[in-house]
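Engineer: Below is a structure I'd like to ask you about.
The values are calculated or read from the model by the stated rules, or taken from the named source; none is laboratory data. For clarity, every value in this text was computed on a predicted model and none was experimentally measured. Here the Cβ positions follow ideal geometry from the backbone for every residue, glycine too, while neighbour counts run over all protein chains shown. Side chains are part of the model used for accessible areas, which takes the heavy atoms of the whole protein and leaves out ligands, DNA and RNA. Shrake-Rupley method; radii C 1.70, N 1.55, O 1.52, S 1.80 Å.
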Amino acid sequence: MAFLEINDVHKIYGQTVVVDTFNLQIEQGEFVSFLGPSGCGKTTTLRMVAGFIVPTSGSIVINAVDVTRMPPNRRNVGMVFQSYALFPNMTVAANVGFGLKVAGQPARAIKQRVAEMLEIIHMTEYATRYPYQLSGGQQQRVALARALAIQPQVLLLDEPLSALDAKIRISLRQEIRTIQRQLNITTIYVTHDQEEALSLSDRIVVMNQGRIEQIGTPFAIYNRPRTRFVASFVGTLNVLTAEVVDAATGRIMIDGQEIHVNGILPDHPDPSLAIALRPEVISLNGVYGQTANHMQGTVEDVTFLGPVVRTRVRFDQHTIHLDSFNTPQLVPPRNGDSVTVSFPPEACLVLSDTPGAEV
Amino acid sequence: MAPAASENDMRHINFWSWLWIIIGAIYFFVPLIATLLFSLQAKRDELGFTAYSNVLSSPAFFNSFSFSFWTAVTTISISALLIVPTAYWVHLRLPRLRPVIDFITLLPFVVPAVVLVFGLIRTYNRTPLTDSRQGLYVLLVGSYVMLSIPYMYRAIDTGLRAIDVRALTEAAQSLGADWFTIMTRVIFPNVYIALLSGAFITFAIVMGEFTIAFLLAQPAFGPYISLLSSSKVYEPSALAIISFGLTWASIGVVQWISHSFSGQSQITGPR
Ligand SMILES: Nc1ncnc2c1ncn2[C@@H]1O[C@H](COP(=O)(O)OP(=O)(O)OP(=O)(O)O)[C@@H](O)[C@H]1O
Ligand SMILES: [Mg+2]
């Protein structure tokens, strides 16, 4: 039995299904992200775990206790909000100590724990300040310390960094991950930023329209997206529509040019198929050799992005993006050049349109 | 010459704004000064504080003043205990009802005090409330609480708008707090300053209220002023100046209290 289990959870408001058949098992100490576009039900799911929303059906189990209908103040679950939600009338120390005080702990124990927590977030010297005297990043660190002070069973964070500017976002997310590892606390992190999810998580749950599209490690989600949605939402991806020529040998046709993919294709009555290609696996200078796929196209645009050069190539109907590393040998193509692009068969990801489960 | 023209404009604007300020000041201060001068003339041919000492040494002044003072304090306490949780709940759970509640809280402006009193007396007639002095006092405080609702609700509503009620509530809940703890440790301290401004207006209203207190035969400050006006010449003016001073003193106290708390009253949020 996993430490945190979300079993067959649904949430329905009136006619709208906001969360649909949500199943997830999280191990003790694991860091799981919910990733998905706005309105896909991430916050709703998180708030059901926190206890602010009661599921329409299904159950939530934390540490072998069914908490589905337990009020939030008895769940011992720490929560960090996008808006920080520090108590404006209390100092940093009082904010961090609030949960302990509510629990009726003796003043000396509170003081000690607060000092410990402030140490962890490197804000010892801010103990007597009020929230309005802190920067956004500092406020969110205090909010994190406040949530962790009560030694919660689970830590929930709902887009904790989205109100901060880019630089602080990156340093603070590293800090959150370090503290999470240090305390080995089971964590759910909601975000719509794929970079955040990829860089932080043990596993990512990609959601779309209330449903789980795919659950997997960052590596699996990025390299082996199972659905068209995951492929297009995570990373930059070329999605091409192909016609199946021969399903058994993996031969397909894109814009009148035949290529092949690895493995046997699904024997579908519908002969068309979605294929995904990462820009970084496509080459302009034929490094992959004869057995690779080759396609002829015309350069439409070249963008210099620093470490990589992104080229847009048009075939008949489709355009694809491809990235080349900015090495000293690189001769960037020019607009209007006729080029041959190549990519190995195993780099072609065959996408399904139906959401799948664990990979 | 554009700069000169704009300078001219400036003088123009200055002239008109000063004119209105002066007219306003005259309108405000002349009656006050006249009242003050008049109140000092209780003894023929000399200025003095005779009227003031007459007022201040009369037991009726102190009795009615302290009666109204404590009535105001009671009114404010009941009103706050009633309205803070209500407004909080509306913010948290019924935000769509806010326009309706706003309208309801304005009703005391529309219903004249006389109508209010007769409505109350009819409704509670032949109940212990109209039979005894204590009962009438309950009606008095009840009416004052009703009169205070527009001011108190609005003030508290403003206070609640300034904080993220929902997030603070949820943060407190996830830290283990129950409703009572949330109200007393999180919500009340954060609307306290806003509440003071509503409380101050309520205080001023209760101190000067005449109609309801008179009709319910209560020994309040309002009826006392009125009684004095019909029987004395100089004392009512002295009383007017005294209550004016007391009113400003109360404002000062409120300012001072809110100032000494201002370190905590600032609001934070995403930056
Ligand atoms: N109380 C409610 N009544 C009706 N619909 C709701 C309610 N709360 C949320 N929804 C709907 O549920 C859907 C999911 O909302 P949710 O807040 O979980 O999205 P999200 O994934 O967190 O999005 P975002 O990234 O914008 O925060 C939205 O379409 C929203 O309109
Ligand atoms: Mg959300």
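Engineer: Tell me which strands (runs of 3 or more DSSP E) are completely within the range A:263-332 and hold 3 or more residues being of a type in the set (Val, Ile, Thr) and without any contact (Cβ under 8 Å) to a residue 40 or more places away in the chain, or say none if there are none.
Structural biologist: A:308-314
Engineer: Continuing with this model, one more query. What are the residues in the range B:196-223 that are open to solvent by 30 Å² or more (accessible area, probe 1.4 Å) and part of a loop (DSSP other than H, G, I, E, B), if any?
Structural biologist: Within the range B:196-223, B:Phe210, B:Ala217, B:Pro219 meet the criteria.
Engineer: So which of B:Ala42, B:Ala51 ends up being open to solvent by less than 50 Å² (accessible area, probe 1.4 Å), assigned to a loop (DSSP other than H, G, I, E, B) and touching a residue at least 24 places away in the same chain (Cβ under 8 Å)?
Structural biologist: B:Ala42
Engineer: Shifting gears a bit: Quick one: how many residues across the range A:164-177 are open to solvent by 30 Å² or more (accessible area, probe 1.4 Å) and among the hydrophobic types (A, V, I, L, M, F, W, C)?
Structural biologist: Here the count works out to 3.
Engineer: Could you list all residues from the range B:140-183 that are under 30 Å from B:Ala220 (Cβ atoms) and either without any contact (Cβ under 8 Å) to a residue 12 or more places away in the chain or of a type in the set (S, T, N, Q) (or both)?
Structural biologist: Across the range B:140-183, the qualifying residues are B:Ser143, B:Ser148, B:Thr158.
Engineer: Shifting gears a bit: Out of all the residues in the range A:18-46, which are in contact with a strand residue (DSSP E or B) (Cβ under 8 Å, 6 or more places away or on another chain), within 9 Å of ligand 1 (Cβ to nearest atom) and not hydroxyl-bearing (Ser, Thr, Tyr)?
Structural biologist: Selection gives A:Val18, A:Val19, A:Phe34, A:Gly36, A:Pro37, A:Cys40, A:Gly41, A:Lys42, A:Leu46.
Engineer: Would you be able to say whether some residue in the range B:224-232 is modelled with pLDDT of 85 or more, part of a loop (DSSP other than H, G, I, E, B) and surrounded by fewer than 16 Cβ atoms within 10 Å (Cβ to Cβ)?
Structural biologist: No, there is no match, as no residue in the range B:224-232 is modelled with pLDDT of 85 or more, part of a loop (DSSP other than H, G, I, E, B) and surrounded by fewer than 16 Cβ atoms within 10 Å (Cβ to Cβ).
Engineer: Out of all the residues in the range A:43-67, which are more than 13 Å from chain B (Cβ to nearest Cβ) and open to solvent by 10 Å² or more (accessible area, probe 1.4 Å)?
Structural biologist: A:Thr44, A:Val54, A:Thr56, A:Ser57, A:Gly58, A:Ser59, A:Val61, A:Asn63, A:Ala64, A:Val65, A:Asp66
Results for (1) in contact (Cβ under 8 Å) with a residue 24 or more places away in the chain; (2) touching a helix residue (DSSP H, G or I) at 6+ places or on another chain (Cβ under 9 Å); (3) under 30 Å from A:Thr56 (Cα atoms), shown as yes or no for each residue.
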residue: A:Leu183; (1), (2), (3): yes, yes, no
residue: A:Ile188; (1), (2), (3): yes, yes, yes
residue: A:Asp193; (1), (2), (3): yes, yes, yes
residue: A:Ser201; (1), (2), (3): yes, yes, yes
residue: A:Arg211; (1), (2), (3): yes, no, yes
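Engineer: Given (1) touching a helix residue (DSSP H, G or I) at 6+ places or on another chain (Cβ under 6 Å); (2) within 14 Å of chain A (Cβ to nearest Cβ), identify the lone condition not met by B:Ala199.
Structural biologist: That leaves (2) as the condition not met.
Engineer: Would you pick out the residues in the range A:1-36 that are open to solvent by less than 40 Å² (accessible area, probe 1.4 Å), within 16 Å of ligand 2 (Cβ to nearest atom) and not aliphatic (A, V, I, L, M)?
Structural biologist: A:Lys11, A:Phe22, A:Ser33, A:Phe34, A:Gly36
Engineer: Hey, among the residues in the range A:69-94 that are of a type in the set (Ser, Thr, Tyr) and open to solvent by 10 Å² or more (accessible area, probe 1.4 Å), which one's farthest from the other protein chains (Cβ to nearest Cβ)?
Structural biologist: That would be A:Thr91.
Engineer: Related question: What tally of residues in the range B:123-144 results from selecting those that are assigned to a loop (DSSP other than H, G, I, E, B) and either of a type in the set (Ser, Thr, Tyr) or touching a helix residue (DSSP H, G or I) at 6+ places or on another chain (Cβ under 9 Å) (or both)?
Structural biologist: Of the residues in that region, 2 qualify.
Engineer: Among the residues of the range A:142-171, how many are over 22 Å from A:Arg113 (Cβ atoms) and either away from ligand 2 (no atom under 16 Å from the Cβ) or free of Cβ contacts under 8 Å to residues at least 60 places away in the same chain (or both)?
Structural biologist: Of the residues in the range A:142-171, 9 are over 22 Å from A:Arg113 (Cβ atoms) and either away from ligand 2 (no atom under 16 Å from the Cβ) or free of Cβ contacts under 8 Å to residues at least 60 places away in the same chain (or both).
Engineer: Quickly run through the range A:57-82 and pick out the residues that are away from ligand 1 (no atom under 12 Å from the Cβ) and either among the basic types (Lys, Arg) or part of a loop (DSSP other than H, G, I, E, B) (or both).
Structural biologist: Residues satisfying the conditions are A:Asn63, A:Ala64, A:Val67, A:Thr68, A:Arg69, A:Met70, A:Pro71, A:Arg74, A:Arg75, A:Asn76.
Engineer: Right, another one. What is the residue count in the range B:54-104 for residues that are under 30 Å from B:Tyr224 (Cβ atoms) and part of a helix (DSSP H, G or I)?
Structural biologist: Selection size over the range B:54-104: 29.
Engineer: While we're looking at this one, here's another question. Consider A:Arg113 carefully, then state whether it is under 23 Å from A:Glu159 (Cα atoms), of a type in the set (D, E, K, R), modelled with pLDDT under 95 and away from ligand 1 (no atom under 16 Å from the Cβ).
Structural biologist: no
Engineer: In the range A:181-199, how many residues are within 16 Å of ligand 1 (Cβ to nearest atom) and either in contact with a Gly (Cβ under 8 Å, 6 or more places away or on another chain) or closer than 23 Å to A:Met48 by Cα (or both)?
Structural biologist: Count: 9.
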